[in-house]
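Colleague: Sharing a structure with you now.
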Amino acid sequence: KPIFINNAINALIVRKLEKEKGFTPVMNLLRCGPRQQDDENYFKTIETTIGIKKADYNTFVDSLIKE
């Protein structure tokens, strides 16, 4: 079976969001819309919800993994 790393990364983001800001921001992330080729809607939601810009996303995810 394939492993979908995006799902694992999103789970880490959701866990952090819920812990720090409650469930409402999690719902905003879940409602960002269908996946686009460039994931622009996802990154826009990440920026408005968490304050992480697309350019800083990998560093942010790396810190989540290390936690």
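Colleague: Just the number, please: carbon plus sulfur as a percent of the accessible area of the chain, 1.4 Å probe, no ligands or DNA/RNA counted. Write out the running numbers ahead of the final one.
Modeller: Details: 2790 of 5160 Å².
Carbon-and-sulfur percentage of accessible area, whole number: 54.
Colleague: Also: If ligands, DNA and RNA are left out, what is the accessible area of Glu20 with a 1.4 Å probe, given in Å² to the nearest 10?
Modeller: 120 Å²
Colleague: Residue by residue, what Karplus-based ³J(HN,Hα) values in Hz, rounded to whole numbers, does the stretch 43-57 have, using 6.51, -1.76 and 1.60 with θ = phi - 60° and x for Gly and Pro?
Modeller: Per-residue couplings from phi come out as 5, 5, 5, 4, 5, 6, 8, 10, x, 9, 7, 4, 5, 9, 4 Hz.
Colleague: Give me the lysines in straight-line cross-link reach of Lys66: C-alpha distance below 22 Å, same-chain residues under 8 apart excluded.
Modeller: The qualifying lysines are Lys16, Lys19, Lys21, Lys53, Lys54.
Colleague: Relative to the present Cα-Cα distance, how much length would full extension add between Leu12 and Arg31 at 0.36 nm per residue of separation? If you can, show how the numbers build up before the last one.
Modeller: Details: separation 19, 0.36 × 19 = 6.84 nm, distance 1.70 nm.
Gain in length upon complete extension: 5.1 nm.
Colleague: If the chain between Asp56 and Asn41 were fully stretched, how many nm would it gain, using 0.36 nm times the residue separation less the Cα-Cα distance?
Modeller: 3.8 nm
The values are calculated or read from the model by the stated rules, or taken from the named source; none is laboratory data. Everything numeric here is computed off the predicted structure, so don't read it as measured data. For accessibility, only protein heavy atoms count, side chains too; no ligands or nucleic acids. Shrake-Rupley method; radii C 1.70, N 1.55, O 1.52, S 1.80 Å.
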